[in-house]
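Student: Take a look at the following structure, please.
The values are calculated or read from the model by the stated rules, or taken from the named source; none is laboratory data. Please read all numbers here as calculations on a predicted model, not as lab measurements. Here the Cβ positions follow ideal geometry from the backbone for every residue, glycine too, while neighbour counts run over all protein chains shown.
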Amino acid sequence: MGLVIAFWILAAVAVLAALGVLFQKNVFRAALSLVLCLTAVAGIFITLSADFLAAAQILIYVGAVSVLIILTIMLTRDVSQGNPFNRNLIPAFAVSAAFLGLLTWAVLNTGWKISPEAPPTAITPGLAEKLFGGNGFILPLEIAGILLLAVVIGAIVIAREK
Amino acid sequence: MSIGLEHYLILAGVLFSIGLFGAFTKRNIIVILISIELMLNGANIALVAFSRFITPLALTGQVFTIFSMVVAAAEVAVGLAIIISVFRYRNTVDASKIDLLKW
């Protein structure tokens, strides 16, 4: 019962904050709205018993990505401009609503094979076994490390003063 | 009434569609990037929900979500560096005024 209430509250917060990103007049407040949405998504991860991912979501998104976005908003301050929409509001709304409708129809009309097993109580050891163990994801993990190194160098090269 | 897979998938779809709408309609490139973050988060919720309800013991969906977070962080870092660089030369963050590649 507590899980049901938690899900509905977190889902409402996440959707309202996502709408806030679109409809806040101030770009800075839109970014703060994104932070609220990301925190609610971390709570959603906890209701899915993915506790390690909830911690990673808080550390990576709420901690690092939002700070980067807010710093960039500060550096490219355009106060008079605000957070406007462009001219294709109606076609964009039609496409998004059609996509959502199609997705909902597909989700509701698929016979999902729900597993009867409960998830393990400790997720993190299983996750570590998957990431670092044999027959796991050790090669993608190394590639992700190389990707992050390339991104650090690339971001410095792109953003530095010539 | 209990919460099933469909609830999470529809929540993920709603977040994805809101992000899609924002990415189509916003003028400020930083807000477009924020909308793409919303879309990625919707996809992450769907991956974790599939992992929880379909294969609760395999955890593969959660591993995919970790890699998706890594790629999203990389995308944000490079995207914001490009935005700062463009702002330095063009003095704007309006996507309709940044037409360097148009001819």
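Student: Within the range A:22-32, take every residue that is more than 9 Å from chain B (Cβ to nearest Cβ) and in a helix (DSSP H, G or I) and give me the one that is modelled with the highest pLDDT. Can you show your working first?
Tutor: Looking only at the range A:22-32, we keep the residues that are more than 9 Å from chain B (Cβ to nearest Cβ), and these are A:23-26, A:28-29, A:32.
With the extra rule that they be in a helix (DSSP H, G or I), the set shrinks to A:23, A:28-29, A:32.
Working: A:F23: 90, A:F28: 89, A:R29: 91, A:L32: 94.
Of everything passing the filter in the range A:22-32, A:L32 is modelled with the highest pLDDT.
Student: Let me ask you something else. With B:L47, B:L57 as the choices, which residue is among the hydrophobic types (A, V, I, L, M, F, W, C), part of a loop (DSSP other than H, G, I, E, B) and either within 8 Å of chain A (Cβ to nearest Cβ) or closer than 25 Å to A:I123 by Cα (or both)? Walk me through how you get there before you give the answer.
Tutor: Details: B:L47 fails: part of a loop (DSSP other than H, G, I, E, B).
So the residue among B:L47, B:L57 that is among the hydrophobic types (A, V, I, L, M, F, W, C), part of a loop (DSSP other than H, G, I, E, B) and either within 8 Å of chain A (Cβ to nearest Cβ) or closer than 25 Å to A:I123 by Cα (or both) is B:L57.
Student: From B:T92, B:T60, B:T65, which residue is β-branched (V, I, T) and touching an Asp or Glu at 6+ places or on another chain (Cβ under 9 Å)? Talk me through it step by step, then tell me what you get.
Tutor: On the way: B:T60 fails: touching an Asp or Glu at 6+ places or on another chain (Cβ under 9 Å); B:T65 fails: touching an Asp or Glu at 6+ places or on another chain (Cβ under 9 Å).
Result of the check over B:T92, B:T60, B:T65: B:T92.
Student: Continuing with this model, one more query. Cβ contacts < 7 Å: first residue assigned by TED's automatic domain parsing to the domain that holds A:A128 and closer than 15 Å to B:V63 by Cβ, restricted to the range A:139-162; second residue surrounded by 11 or more Cβ atoms within 10 Å (Cβ to Cβ) and of a type outside the set (F, W, Y), any location; separation 6+ or different chain. Result?
Tutor: A:L141/A:L131; A:A144/B:V70
Student: Anything in the range A:43-53 that is under 19 Å from B:H7 (Cα atoms) and either in contact with a strand residue (DSSP E or B) (Cβ under 7 Å, 6 or more places away or on another chain) or at the interface with chain B (Cβ under 10 Å from one of its Cβ atoms) (or both)? List them, or say none.
Tutor: Within the range A:43-53, A:I44, A:F45, A:T47, A:L48, A:S49, A:A50 meet the criteria.
Student: Moving on to the next point. Could you say whether any residue in the range A:104-122 is at the interface with chain B (Cβ under 9 Å from one of its Cβ atoms), farther than 30 Å from B:R88 by Cα and charged (D, E, K, R)?
Tutor: Yes, some residue in the range A:104-122 is at the interface with chain B (Cβ under 9 Å from one of its Cβ atoms), farther than 30 Å from B:R88 by Cα and charged (D, E, K, R).
Student: Quick check on this structure: which one of A:V107, A:V151 is surrounded by 11 or more Cβ atoms within 10 Å (Cβ to Cβ), farther than 30 Å from A:F28 by Cα and in contact with an Asp or Glu (Cβ under 9 Å, 6 or more places away or on another chain)?
Tutor: Values: A:V151 fails: farther than 30 Å from A:F28 by Cα.
Answer to the selection: A:V107.
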